[in-house]
Every structure is written in C-alpha cells, then in structure tokens.
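The values are calculated or read from the model by the stated rules, or taken from the named source; none is laboratory data. The structure presented is a predicted model; accordingly, all values stated were derived computationally and were not measured. In this analysis, Cβ positions are derived from the backbone assuming ideal geometry, glycine residues included, and neighbour counts consider all displayed protein chains. We work out accessible area using only protein heavy atoms, side chains counted, and drop any ligands, DNA or RNA first. Shrake-Rupley method; radii C 1.70, N 1.55, O 1.52, S 1.80 Å.
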Amino acid sequence: MAICFPIHMSFRIKVGLRFFKFLNEKCPKKIHIRLAAHRVNTSVAVNQRYPKIYTPGEVITSQNEFMRGHGTYEENGDLKSSVAGVREQVNNLISVRPLKSRYNGEVGDVVVGRITEVQQRRWKVDTNSRLDSVLLLSSVNLPGGELRRRSAEDEHMMRQFLQEGDLISAEVQSVFSDGSLSLHTRSLRYGKLGQGVLVKVFPSLIRRSKTHFHNLPVGASIILGNNGFIWICPTINNAEESVGGFIQNLEEVIPRQERETISRIRNCILALAQSKMMLFDTSVLYAYLRNPLSTPYLNCWYQRRWWTSRY
C-alpha cells in the first residue's frame, strides 16, 4: 500500500532531512534532548538557593497527610502539579506558585494600573489581573485633599479627575468573591501619575516589602507594583503630594540627563526580568551601578554604604 503525501508535505520532509544531515556533518557533538523536569534552572534564585521547578503532571508527594492547594491536583493517590512553578508549603497545605500567571491581588498590595472605562461613580482599572479592578468615587481623594461626601457635581466631574488612559498608583482595599479587586487612593502618595515610563514584568518577580515607593540616589523614582507594573519617573518632590494626587504636569520638559537615567533603569529592569531575578530597590540599583556609564562617585558611595551595612 503506497502512502502519498501532498507536495508541500514532501517538500518539508526533504528540507528537514537535509537540515539534520547538515547538523551531523557540521556539528560533531551529539545533541542531547532532555525533559524540562530534569533541567536545573539556575536563573531563578531565592535566598541564594535554587528551588525545584515542578512541571505540569509531575508528582510532588505520595504521602496522604498533605492537603491540596492552588496549582495542584490529586491522581491515583499522588499529589501532582497542574502548573509550572515553585512549591510552597504552609503546615500541611502544599501549593505550587506559577512563574508566569496573572496577578492575584491581596489586601494592602500597591498596584499601578491604567484607567480603561469611566462608569457611574466608579472607574474600571486594568491591573494585569483576570478581571478589571474597580476604583469607586468614594475611595479617592478630592483635589486638594478635601474631606467631604461626594455629591452629584463630583460625579459629573469624574473625567476631570481621571479619564481613559490615565495611569494611577493605588492600594488594594478588598477582594470581591469573583476575584476582582477594589482599589483606593485615599493616601496622598497615591493618585494620577505624570511623566515617566511604564515597564511590565511578571508579578512573581516583584518582591513584597514594606514600601514599594523608592527614590533612588541616581536621580529617579520607581514604584514597584505588586501586579507587575513598574513606574519609573523623575525624583518625586514631597511638596507635590499635598495636591491630592490629581496634578499631571505634561508641559514641563524633563532634562536629558534624567531621561537617560530613566531609560537605563528601564533596561536594567528588563535585563533582570529576562534572567528571572527578583526585583526590588537594591537589585535594580546594583544592576544600574554595574553599568560602566555610571559615575565613579555613585559607585564609591554605594560600595561604601554596602560594606558599612554588611560589616
């Protein structure tokens, strides 16, 4: 029985055979093909240890005293991973934290988002999660930090406060039953963002810390959002925080040196994210100072500070 392939299929087979013949002639070394579960990923480091990365379907444990958490399932008495990620255990609860996933918000997280829609007494915000977050009119500070009940006039002026496309920094106030987030900007450090650069990374690369607002000594400020959105802008002046978080000066010309600093910080963050390194203020500053373009004064200053804090 003869098997006939279409013309394009036979052409692909010929090209593939010629390619493998070329590899055998030009590459004397053998090509080793391994499973992803057998590969050691040395680019992911947590506390100077290399955690094991579980692949979907891989057995985590065969013991029955453990409970099934997020990212796991049970089959034939074995607890297996349903996603590719790192194992996390709290008492007898085992879960797998995926390396690449949407943002799952928690109360108190600092996020950076973009306004997508203006609705009745609320804004819809894109926070890199499965569903759009909600920012209520009663959860924002009025211009000038005025404290009073929101009226119908405030509802009519919502687009003057925030409109589609505006970037904001906010805090997660609560989590609804469907997983969507409720935000608030009642603190004067939250609100509309002005001139700067937005960088998007995986949320799992952002290290949780007490503060996510950092004024770097190199002449720029960064907001490390827990949702994977990082905002880089010129150094924030404390005098600007007393206006209620709605001032957006787009006419001011940023000096070229500050723009170059912002661009270099952006490249450093992308390089760290490509290497699966955790992102926080120290790692970003170390990557920035490793650049040969950084000034010798900053290098000496930070090295002296690092050695003083270590010893």
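State which residue is most open to solvent (accessible area, probe 1.4 Å) when the search covers only the stretch 115-136 and only residues that are under 23 Å from V199 (Cβ atoms) and among the charged types (D, E, K, R). Restricting to residues being under 23 Å from V199 (Cβ atoms) and among the charged types (D, E, K, R), the top hit is R130. The single condition from (1) open to solvent by less than 70 Å² (accessible area, probe 1.4 Å); (2) in contact with a strand residue (DSSP E or B) (Cβ under 9 Å, 6 or more places away or on another chain) that F176 fails is (1). Looking at the structure I just gave you, is S151 more than 16 Å from the chain's Cα centre (by Cα) and modelled with pLDDT under 85? Yes. Failed condition for R150, given (1) assigned by TED's automatic domain parsing to the domain that holds V59; (2) more than 25 Å from N227 (Cα to Cα), with all others met? Checking R150 against (1) assigned by TED's automatic domain parsing to the domain that holds V59; (2) more than 25 Å from N227 (Cα to Cα), the one that fails is (1).
Does V118 satisfy the condition of being assigned by TED's automatic domain parsing to the domain that holds F229, over 17 Å from the mean Cα position of the chain (by Cα) and part of a strand (DSSP E or B)? Before the answer, list the steps.
Values: assigned by TED's automatic domain parsing to the domain that holds F229: yes; over 17 Å from the mean Cα position of the chain (by Cα): yes; part of a strand (DSSP E or B): yes.
When the stated conditions are applied, V118 passes them.
Checked against the criterion of being without any contact (Cβ under 8 Å) to a residue 40 or more places away in the chain and assigned to a strand (DSSP E or B), the stretch 100-111 contains not a single residue that satisfies it. Close Cβ contacts (under 7 Å, 6 or more residues apart or on different chains) running from residues in the stretch 227-256 that are assigned by TED's automatic domain parsing to the domain that holds V125 and closer than 25 Å to R159 by Cα to residues that are in a helix (DSSP H, G or I) and at pLDDT below 65 comprise I247/E240. Filtered by the rule that a residue be open to solvent by 50 Å² or more (accessible area, probe 1.4 Å) and modelled with pLDDT of 90 or more, the stretch 77-105 gives S82, L93. Given the criteria surrounded by fewer than 16 Cβ atoms within 10 Å (Cβ to Cβ) and not hydroxyl-bearing (S, T, Y), does E58 qualify? When the stated conditions are applied, E58 does not pass them.
Which one is farthest from the chain's Cα centre (by Cα) among residues in the stretch 184-232 that are of a type in the set (S, T, N, Q) and surrounded by fewer than 22 Cβ atoms within 10 Å (Cβ to Cβ)? Once the filter is applied, the top-ranked residue is S187.
Could you please let me know if S177 is over 22 Å from the mean Cα position of the chain (by Cα), closer than 20 Å to G225 by Cα, assigned by TED's automatic domain parsing to the domain that holds Q274 and part of a loop (DSSP other than H, G, I, E, B)? Criteria not met by S177. For the condition open to solvent by less than 50 Å² (accessible area, probe 1.4 Å), at pLDDT below 90 and in a loop (DSSP other than H, G, I, E, B), S43 qualifies.
Restricting attention to the stretch 204-213, the residues that are at pLDDT below 90 and in contact with a Ser or Thr (Cβ under 9 Å, 6 or more places away or on another chain) add up to 2.
Against the definition (over 18 Å from L198 (Cα atoms), within 26 Å of the chain's Cα centre (by Cα) and modelled with pLDDT under 80), how does N291 come out, yes or no?
Yes.
Within the stretch 268-281, the residues that satisfy the criterion of being out of contact with any helix residue (DSSP H, G or I) (no Cβ under 9 Å at 6 or more places or on another chain) and part of a helix (DSSP H, G or I) are L270, Q274, D281.
Consider R259 carefully, then state whether it is modelled with pLDDT of 85 or more, surrounded by 11 or more Cβ atoms within 10 Å (Cβ to Cβ), of a type in the set (D, E, K, R) and out of contact with any Pro (no Cβ under 6 Å at 6 or more places or on another chain). So R259 fits the description; yes. Of the residues that make up the stretch 69-76, is at least one more than 18 Å from the chain's Cα centre (by Cα), crowded, with 21+ Cβ neighbours inside 10 Å and more than 30 Å from E164 (Cβ to Cβ)? For the stretch 69-76, residues more than 18 Å from the chain's Cα centre (by Cα), crowded, with 21+ Cβ neighbours inside 10 Å and more than 30 Å from E164 (Cβ to Cβ): present.
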